[in-house]
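A.B. asks: Before I ask anything, here is the structure I am working with.
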Amino acid sequence: MDAKSHLTSITHEFFVARDQDLGGSGKRRLADGRVAAILAAPWRGRPALESRAGCPRHTESSIAIGIACFVVIASILALGVPAFASESPQQVRKELGVTVSVFGKMPAGRDVTIFELTNANGLRARVMEYGAILVSLEVPDRDGKLGDIALGFDDFESYLKRNPMFGSTVGRYANRIADASFKLDGVEYRITKNSGKNHIHGGNDKRFDRVLWTGYPYKTDAEAGVRFTHLSLNGEEGFPGNLDCIVTYALTNRNELRITYSATTDKPTIVNFTNHSYFNLAGAGNGDVLDHEVTISAPWYTPAGEGLIPTGEIRSVAGTPLDFTQPHKIGERIAELTDTRGYDHNYVLKSSYGEPALAARVYEPMSGRVMEVTTTQPGVQLYTANGMKSVKGKAGKVYNDHAAFCLETQHFPDSPNKPHFPSTVLRPGQTYLTTSTFAFTTK
């Protein structure tokens, strides 16, 4: 199948699932069972917080009631007291677990909670409420030694003052929108310009990595996790609609970190979430990633022009430095990419999105660590920390050019202005729902 046929075969139903009332009960049912399977088993939605066509807009009281109900139900069904009892490090490593602590304070004085997820194999992930950020991810090497592979900071203040989106949840719209504007149903919307004349990664103060989410930890027999909730108000950064968001991090005993994104709206809008973690499988701060071997399940990419805005063409990667359909080291051909000084390209995945499929595999030969990324999204952005200079990170280590790689699963940049790209439109009565999984092995 060629690129054009591939794109036109994608149905919008894979991108959203419609809400339906069951006999007036107000409970939500996802229309497509294949999409419903993406969700973690314990999650049954938040009826009190959902937007439905014809219903009143959110109010502060309804939000408070809904969140209170959610916390009570989650505590009864998923958490349980044993999940948060005091445990020694040895006990935590023997089973799935969640521990909770304070990581810092917002300028206004509110505590910022950090959640540590652990599995039976020793893998540990730490995620915090500010920005729904992945702070650290400790993964065993071939000798069983844990190493933190996620770039970041040891202290909360650094995330407030100088974070280049380490570990960040990105939204409302990840990547770029040309001229910081788009039309939807005949209405033109002007959104925040924060990349020259263009928009990138959700804007400024109200973009998702700069707001305080509310985290609800849980534990089941299958996974330990935390669900972050946030209500992005109509008009923030110029986007239409009150957007009710949930981001769930879940860690399994199969050494998988799964991130699920869900959102509903009370007004037609556009949505494109991703995670912007910077990875170095040799360990954060241990040199560059040029010797990492990468495979990407993508025969095409979206060429970009000025400002890295896609031209609208879908082009084959064959015969270019972008071809990772077979394993190549990141540094093998990177010098050929003079315009971007490295990789910063959106790949068109060969699988039909909506079903989880392999997007990329990365192998680091010294540690033996292997990371596989699966996603329900149609694209993935490979970024290699181009031009990073003298960023002081964890344990005093300094991050420089190509100190990490990002694999940002996503819809394509500037999709709202490219009608032949997979749609990012979300309407009342629909649920935005995507998932991406980062799985770790060694060889």
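A.B. asks: Restricting attention to segment 370-387, which residues are closer than 19 Å to residue 340 by Cβ and within 21 Å of the chain's Cα centre (by Cα)?
C.D. replies: 379, 380, 381, 382, 383, 384, 385, 386
A.B. asks: Go through segment 276-287 and give me each residue that's in contact with a strand residue (DSSP E or B) (Cβ under 7 Å, 6 or more places away or on another chain), in a loop (DSSP other than H, G, I, E, B) and hydrophobic (A, V, I, L, M, F, W, C).
C.D. replies: Scanning segment 276-287 gives 281, 284.
A.B. asks: Quick check on segment 329-357: of everything there that is more than 16 Å from residue 385 (Cα to Cα) and surrounded by 17 or more Cβ atoms within 10 Å (Cβ to Cβ), which residue is modelled with the lowest pLDDT?
C.D. replies: Filtering first and then ranking leaves 353.
A.B. asks: Can you pull out every residue in segment 94-123 that is touching a residue at least 60 places away in the same chain (Cβ under 8 Å), closer than 25 Å to residue 171 by Cα, part of a strand (DSSP E or B) and not aliphatic (A, V, I, L, M)?
C.D. replies: Of everything in segment 94-123, those that are touching a residue at least 60 places away in the same chain (Cβ under 8 Å), closer than 25 Å to residue 171 by Cα, part of a strand (DSSP E or B) and not aliphatic (A, V, I, L, M) turn out to be 113, 115.
A.B. asks: Answer yes if at least one residue in segment 145-168 is of a type in the set (Val, Ile, Thr), under 28 Å from residue 287 (Cα atoms) and touching a residue at least 12 places away in the same chain (Cβ under 8 Å), and no otherwise.
C.D. replies: Yes.
A.B. asks: Could you look through segment 259-275, keep only residues that are buried (at least 24 other Cβ atoms within 10 Å of the Cβ) and part of a loop (DSSP other than H, G, I, E, B), and pick out the one that is nearest to the chain's Cα centre (by Cα)?
C.D. replies: 273
A.B. asks: Condition check: under 30 Å from residue 443 (Cα atoms) and among the hydroxyl-bearing types (Ser, Thr, Tyr). Does residue 113 satisfy that?
C.D. replies: No, not satisfied.
A.B. asks: Part of a strand (DSSP E or B) and in contact (Cβ under 8 Å) with a residue 12 or more places away in the chain: does that describe residue 290?
C.D. replies: So residue 290 does not fit the description; no.
A.B. asks: Shifting gears a bit: Being over 23 Å from the mean Cα position of the chain (by Cα) and of a type outside the set (Lys, Arg) is the filter here; which residues of segment 308-324 pass it?
C.D. replies: Matches in segment 308-324: 311, 312, 313, 314, 316, 317, 318, 319, 320, 321, 323.
The values are calculated or read from the model by the stated rules, or taken from the named source; none is laboratory data. None of the values given here were measured: they were computed from a predicted structure. No Cβ is skipped: glycine too gets one built from the backbone with ideal geometry, and neighbour counts run over all protein chains shown.
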